[in-house]
């Protein structure tokens, strides 16, 4: 039985509060530059035994990945998109990647030592799927060894894991994994599915590996195989502060960042309970200095007080010029997001949540918004917007029956298209004339985007209000959720 056709899948998730390693800068021949979130050294290509490797990269959100190949001469070739790459997908019990028009692909075929670097436009953090397809040729009968280095912390509650898929009907996957300490193991059977542009494989084995590892595919007979990686980057940075969140004696939330920042009556939202990495940005409408924290169920995590990207918003009753005067973080595992301003008084805060993608199979995302005493005292409405990244998505905002009853409604509160009375609860405005700026790129609203304006008067203190985002029938795609929260 042959033992060579396989796919390796590597899973790495970060704990809130851990520090990412500094990523190497990649300079492409076309002058594109990005930070490498992963580096993979390919098996050496012999001039006497020509080989070719195809490297395909996807992200779990609607941001564009980048893949670069550096040959033995030091030339670096980059590709930001590929038609064949758009057909790739992956699913397991832990995470899935759906086909994306933003998938990237590059090839390595020059003799000598070639390496692969993976990143994204604007160095955006997130979750990646990397697939490397190669082959054992009759002229090249030797084991193939890959060296992998992920620019992210290995400190994780979800261990790094390798999965191998057999691609040929008669082959059985075989794999040797060696971690940084020199300890080795072999893969065990697991359930997962890989779809490439030409085939589907469900026969896989898996095993845990470290952030830095060597992966060897033992040669048995010539034939094709594939090697893939899944990893997430972008939790805490070197400038992050340790966060702790506790219940206030006044009934709200207190946020402490190291010993330098203390915020009373902080705001809180809870992200959907999934494996998605979310980018959260805080902007203050009054020009104050916002602070963001991502914490676990016990209130421990990390704080961010700045950002390098340019964000802004022009929304009904709110205009925040695009600038870098905000705070931003990436939450890979932490679901609780706590916000306030560093001056520790009332905040007029806009939270933008990126990274969510809805498919056409009745998938929904539910965000919990804590209605704090400070929000009730401020007397302002809670404003929520769901703006699609492409016109392929018709987003819907809704509250369940129990939450809708808090507003005196006997049926579920829902907004399909903002500004259309019968399809949207309350007084709303069509979003065609409004926009947000995300990483210096404008995103305009359109007639199918949704919004809700919810009066908070009379709601119980510290109620968690569940706000659900869904896709109208037949639509799918990514979106940005925007929350306008005001507290005293």
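The values are calculated or read from the model by the stated rules, or taken from the named source; none is laboratory data. Treat the numbers as computed from the prediction; the structure is a model and nothing was measured. Virtual Cβ from ideal backbone geometry, glycine too; neighbours counted across all protein chains shown.
The rows are residues; the columns are (1) surrounded by 20 or more Cβ atoms within 10 Å (Cβ to Cβ); (2) in contact with a strand residue (DSSP E or B) (Cβ under 7 Å, 6 or more places away or on another chain); (3) at positive phi.
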site: 392; (1), (2), (3): no, yes, no
site: 395; (1), (2), (3): yes, yes, no
site: 422; (1), (2), (3): no, no, no
site: 435; (1), (2), (3): no, yes, no
site: 439; (1), (2), (3): no, no, yes
site: 452; (1), (2), (3): yes, yes, no
Region 77-109 - residue that is crowded, with 18+ Cβ neighbours inside 10 Å and assigned to a loop (DSSP other than H, G, I, E, B) and, of those, modelled with the highest pLDDT: 88
Condition check for residue 157: touching a strand residue (DSSP E or B) at 6+ places or on another chain (Cβ under 7 Å) and either modelled with pLDDT under 80 or outside any loop (DSSP other than H, G, I, E, B) (or both): no
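For residue 165, state whether it is modelled with pLDDT of 85 or more and touching a strand residue (DSSP E or B) at 6+ places or on another chain (Cβ under 9 Å). Quick ask: steps written out before the conclusion?
Working: modelled with pLDDT of 85 or more: no; touching a strand residue (DSSP E or B) at 6+ places or on another chain (Cβ under 9 Å): yes.
Judged against the criteria, residue 165 is not a match.
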Test: residue in region 461-468 that is more than 28 Å from the chain's Cα centre (by Cα), without any contact (Cβ under 8 Å) to a residue 60 or more places away in the chain and either in a loop (DSSP other than H, G, I, E, B) or closer than 20 Å to residue 368 by Cα (or both): no
Subset of region 167-196 that is surrounded by fewer than 16 Cβ atoms within 10 Å (Cβ to Cβ) and touching a residue at least 60 places away in the same chain (Cβ under 8 Å) - its residue that is nearest to the chain's Cα centre (by Cα): 193
Residue that is farthest from residue 354 (Cα to Cα), among those in region 385-403 that are under 21 Å from the mean Cα position of the chain (by Cα) and not in a loop (DSSP other than H, G, I, E, B): 395
Yes/no for residue 72 being more than 25 Å from residue 219 (Cβ to Cβ) and not in a strand (DSSP E or B): no
Filter result for residue 51 (in the same structural domain as residue 120 (by TED's automatic domain parsing) and over 25 Å from residue 144 (Cα atoms)): no
Residue identified as within 28 Å of residue 265 (Cβ to Cβ) and assigned by TED's automatic domain parsing to the domain that holds residue 369 among 400, 433, 449, 416: 400
Among (1) part of a loop (DSSP other than H, G, I, E, B); (2) at pLDDT 90 or above - the single one residue 474 does not satisfy: (2)
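Listed here are the residues, each with its yes/no results for (1) at pLDDT below 85; (2) more than 17 Å from the chain's Cα centre (by Cα).
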| site | (1), (2) |
| --- | --- |
| 239 | yes, yes |
| 242 | yes, yes |
| 277 | yes, no |
| 281 | no, no |
| 302 | no, yes |
Residue 312 being in a strand (DSSP E or B) and buried (at least 24 other Cβ atoms within 10 Å of the Cβ): no
